[in-house]
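Working notes for the structure below.
FYI, it's all coordinate maths here, none of it is from the lab. Not measured: the values here are computed from a predicted model. Note that we place each Cβ from the backbone using ideal geometry, even for glycine, and neighbour counts take in every protein chain shown.
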Amino acid sequence: MEGVKEFDLSTTSLREVNRYLHRDAAGAGVKRVKILNADGAHSIAAGLTAPLEVEIDGHAGYYAGGMNMHAHITVHGNAGPGVGENMMSGTIRVEGFASTAAGASAHGGLLVILGDAALRCGISLKGGDIVVGGDVGSFSAFMAQAGRIVICGDAGDALGDSLYEAVIYVRGKVRSLGADARFEPMTGADHAAVRELLDRAGLSHDPKSFQRVASAKNLYHWNSDANQEY
Amino acid sequence: MCGIVGLLLKKPQLREKLGELMTPMLVGMTSRGPDSAGVAIFGDAVTDSHKLSLFWGEGVADWKRLAAELGAAFAGKHRFAEIGQHAVLTTPANPEEVKTWLAGAAPEIYVLSMGRSIDLYKDIGTPAQIVERYALNKVTGTHVVAHTRMATESAVTPAHAHPFTAGQDFCLVHNGSLSNPHLVRKKLEPLGIRFVTDNDTEAACRFFEWRMREGDDLTTAVHRGFSELDGFFTFLMGTDKELLIVRDAFACKPAVVAETDDYVAIASEFRSLAHLPGVRHATVFEPKPEEVYSWKA
């Protein structure tokens, strides 16, 4: 197919593939890149700045699509720790599960994980959106500052601990909420937000089946008499 | 950092290929642990005798002299399978008595493991160097527990490399760091439990082995460890009967399992599993925090 470039990581170095994605793809007029035999390599398609479509075949290692800007990246497999960390824009779609700290500190864009996400999903989220088709592990959305996380399954312990302005929508059971996180009533705007994110992720749950978790904002003002209890 | 590797073969006909399948797994974890590596191999148990894996720590190994002295001290036929500084001694004598004797007769020797099933190799160097040094790509058996080390809290010596052992046919490798190993040690030493190194992992290994001697099975011992051992850990353990993995509540230290009808393969990262036959169709998952996963050999 014209305009599609294919790399095989079993025969080409990752450095070469990433250099092509960073620099050479634009000059060659290539819009789509396929990467075969990911085999758990680290930092695949990290640091992209162009609106490329990148397909990764196999399981990706640490930091796949990290710092992504504008690109649309699909992992046909599982992703290792820190997938989409610090993403600025674009989309990353993981068809399997994601390891710890998925979407950590993401400023923008959409990260979709069709399977489960492990612990600390969306930690320190700064404006990106995350949709998880399955469950998330403990300490997810810890200190998340802005952005939205949609969890179609269950959440582990300490969900949304020390949240700032980020909002979590969760459909399943929450083992425990973190400090200063609380359930809040869903409004029409919340239902619309969940609908929009599910549509973009290609998932078909009823937005009415989700609960909203947001910050109670008690931690916004330090209270020395609270004895660390919030 | 550190790398962990485990492989348990479910089909007897694959046992001949244990070393061949394990070697790329271990070498794949070199960047996580380039300073030392070790492999514990579990195979068919010897009957009417015990095996001791020995490492000659200082000077040039003289296994012939040791064999003669051992023969004079203990009755029966003793066999040494030696490669350089390393030997597996098979002896009809009581292994504890042999170990005590070795401490006096050859104090430069470390007893790396003891039991009827386990052989243990560990040394400083890259995983590839250690595989080559001890022909580990040729080993056979039912399962291995292996480790690549990047030292963070104690010296780089063969004795500080993993796996650690305690008692018989038991070993443990660790990715992480414990914050209370000295407290654990203070608790165990008055019970007569002796430590060989100042390494944090040794405390966990001796704790679990002590619990098993007190009647716990390994899974029960691990559950007890959740309240006794403080710190970060992914522990991979082997006995002659099982392979077991557990991660602490925060699961900061990675682990991936790939299971097929032929094998259970475990590594810190998928890139060490990617070469395994049939891995594309394997069930792949990450062990959940504080959940014990165990497979029978």
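Some notes on this structure:
- Sites listed here are trypsin sites (Lys or Arg not before Pro) in the range B:188-229 whose DSSP assignment is loop and whose Cβ has at most 12 other Cβ atoms within 10 Å: B:Arg194.
- Computed [θ] at 222 nm, helices only, for chain B once each DSSP H run of length n ≥ 4 contributes -39500 (n - 2.57): -7500 deg cm²/dmol
- For the range A:135-173, the set of trypsin sites (Lys or Arg not before Pro) satisfying both a DSSP loop assignment and a count of at most 16 other C-beta atoms within 10 Å is given as A:Lys173.
- Rounded if a/c under 1.5, otherwise prolate or oblate - the range B:192-255, Cα gyration tensor axes: oblate
- Mean per-residue shielding of peptide A:110-121 is 2, counting Cβ atoms of other chains within 10 Å of each Cβ.
- Global geometry of the range B:48-116, whether rounded, prolate or oblate, following the gyration tensor of its Cα atoms and the 1.5 cut on a/c: rounded
- Averaged over the residues of B:266-274, the number of partner chain Cβ atoms lying within 10 Å of the residue Cβ comes to 5.
- Degrees between helix A:188-201 axis and first principal axis of chain A (Cα, 0 to 90, nearest 10): 20
- Within the listed set B:Pro163, B:Pro127, B:Pro12, the Gaussian network model of chain B (springs between alpha-carbon atoms below 10 Å) gives the highest mean-square fluctuation for B:Pro12.
- Largest-first principal axis extents, alpha carbons of the protein assembly as shown, Å: 87, 64, 37
- Using the alpha-carbon positions of the range B:1-79, Rg (one decimal) and Dmax (whole number) come out as 17.3, 47 Å.
- Using a cut-off of 29 Å between Cα atoms, the listed pairs A:Lys5/B:Lys10; B:Lys122/B:Lys186; B:Lys17/B:Lys51; B:Lys51/B:Lys138; A:Lys126/A:Lys173 include A:Lys5/B:Lys10 as exceeding that distance.
- Value at 222 nm in deg cm²/dmol, rounded to 500, when DSSP H runs of n ≥ 4 in chain A each add -39,500 (n - 2.57): -3000 deg cm²/dmol
- Those aspartates and glutamates that a straight Cα-Cα span of less than 15 Å connects to A:Lys34, excepting residues fewer than 8 apart in one chain: A:Glu2, A:Glu6, A:Asp8, A:Glu16, A:Asp24, A:Glu53, A:Glu55, A:Asp57
- Listed residues B:Ala146, B:Ala40, B:Ala73, most fluctuating in chain B (Gaussian network, C-alpha, under 10 Å): B:Ala73
- Range in chain B, longest, excluding exposed GluC sites (Glu not before Pro) [loop by DSSP; at most 16 other beta-carbon atoms within 10 Å]: B:215-289
- Eigenvalues of the alpha-carbon gyration tensor of the range B:117-160, scaled by 5 and square-rooted, set the equivalent ellipsoid semi-axes at 21, 12, 9 angstrom, largest first.
- Cα shape, chain A, gyration tensor, a/c 1.5 rule: prolate
- Low-density loop cleavage sites - GluC sites (Glu not before Pro) in the range A:1-61, where at most 12 other Cβ are within 10 Å (DSSP): A:Glu2
- Between B:Ala267, B:Ala203, B:Ala61, the Gaussian network model of chain B with springs among Cα atoms under 10 angstrom shows the greatest mean-square fluctuation at B:Ala61.
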